[in-house]
Amino acid sequence: MEFIFDFFEDHLKAAVAVKSRRPLALGVFCFILGALSFFVAMSLSGRLSPLPFNWFTFALFLLWELGSGLALVAVLHLIADFEGRPGSGGELFVLFGFANLTWGLAVPLALIFLAFFRGAHWPLTAAFLLVGLYNLSLKARSLQDTYQLSQGRAWVTLALPYLATVVASGLAFVLAMASVVMQVMKGFD
């Protein structure tokens, strides 16, 4: 618990402690708690409506969180390694797990906003967005602490995988639409 308290109170002390011990199991546990909090908050807010609230759906969600967390850490470590920055992907994974604990704020916020703004969806969306931005800021700080990056460089490095995903998705969509248009045009011949 001392690691987690230090992460939110004195992040440099937490980074040094994680570097010396590398508690990977604690990082996985924090990812699990963060995923559970987000899953419960999404369920309370009705945003999981097409999916049932059960263990199987949570297991799929947890696998997605762990897989995407590992992939993000791997890509960020690769970028930092290309730049010649010393640091550990294991340390970054643990710190990202600590950052995912911020999703614990989503559950009480969802309950409060559902109690006071029953029909409005925008306050709850804004609350989720704020918690998500706080999560990203802690991840950028973790990247900064792990690889000794400046704050701006940490934000740019963190944004690169997200931007690459958006560009690749957009390109795949454009190519798919071009293929559909070509098939329709062939049908008229």
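The values are calculated or read from the model by the stated rules, or taken from the named source; none is laboratory data. It should be emphasised that the depicted structure is a prediction, and the values quoted were computed from it without experimental measurement. A quick note on method: Cβ atoms are made from the backbone with ideal geometry, for glycine too, and the neighbour counts reach across all protein chains shown.
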* So A115 clears everything in (1) surrounded by fewer than 17 Cβ atoms within 10 Å (Cβ to Cβ); (2) more than 11 Å from the chain's Cα centre (by Cα); (3) under 20 Å from S68 (Cβ atoms) except one condition, right? Which one? -> (3)
* Structure fact -> Output for Cβ contacts, cut-off 7 Å, separation at least six or different chains, first residue within 11 Å of V18 (Cα to Cα) in the range 80-97, second of a type in the set (S, T, Y), reads S88/T146; E91/T146; L92/S142; L92/T146; L95/S142; L95/T146
* To do: For V94, indicate whether it is surrounded by fewer than 11 Cβ atoms within 10 Å (Cβ to Cβ) and of a type outside the set (D, E).
  => no
* Would you confirm whether any residue within the range 2-9 is in a helix (DSSP H, G or I), of a type in the set (A, V, I, L, M), surrounded by 14 or more Cβ atoms within 10 Å (Cβ to Cβ) and more than 13 Å from the chain's Cα centre (by Cα)? => yes
* **Residue identified as modelled with pLDDT under 90, part of a helix (DSSP H, G or I) and closer than 22 Å to F7 by Cβ among F128, F61, F113, F96** => F128
* Asked: Is at least one residue of the range 8-28 aromatic (F, W, Y) and at pLDDT 80 or above?
  -> no
* To do: Check the range 28-51 and report whether any residue there is more than 30 Å from I112 (Cα to Cα) and of a type in the set (A, V, I, L, M).
  => no
* List the number of the failed condition for Y147; all other conditions in (1) over 17 Å from the mean Cα position of the chain (by Cα); (2) among the hydroxyl-bearing types (S, T, Y); (3) surrounded by fewer than 16 Cβ atoms within 10 Å (Cβ to Cβ) hold. => (3)
* Structure fact -> In the range 156-189, anything surrounded by 17 or more Cβ atoms within 10 Å (Cβ to Cβ) and either farther than 18 Å from N100 by Cβ or modelled with pLDDT under 90 (or both) is listed as T157
* Asked: Just to be sure, is R141 surrounded by 13 or more Cβ atoms within 10 Å (Cβ to Cβ), touching a helix residue (DSSP H, G or I) at 6+ places or on another chain (Cβ under 7 Å), touching a residue at least 60 places away in the same chain (Cβ under 8 Å) and outside any helix (DSSP H, G or I)?
  -> no
* Structure fact -> Log entry, pairs with first residue in the range 116-136 being more than 20 Å from L158 (Cα to Cα) and touching a residue at least 40 places away in the same chain (Cβ under 8 Å), second being part of a helix (DSSP H, G or I) and not hydroxyl-bearing (S, T, Y), beta carbons closer than 8 Å, six or more apart or on different chains, reads L124/L109; L124/A110; L124/F113; L124/L114
* Please state which of the following conditions G119 fails to meet, knowing it meets all the rest: (1) at pLDDT below 90; (2) part of a helix (DSSP H, G or I). => (2)
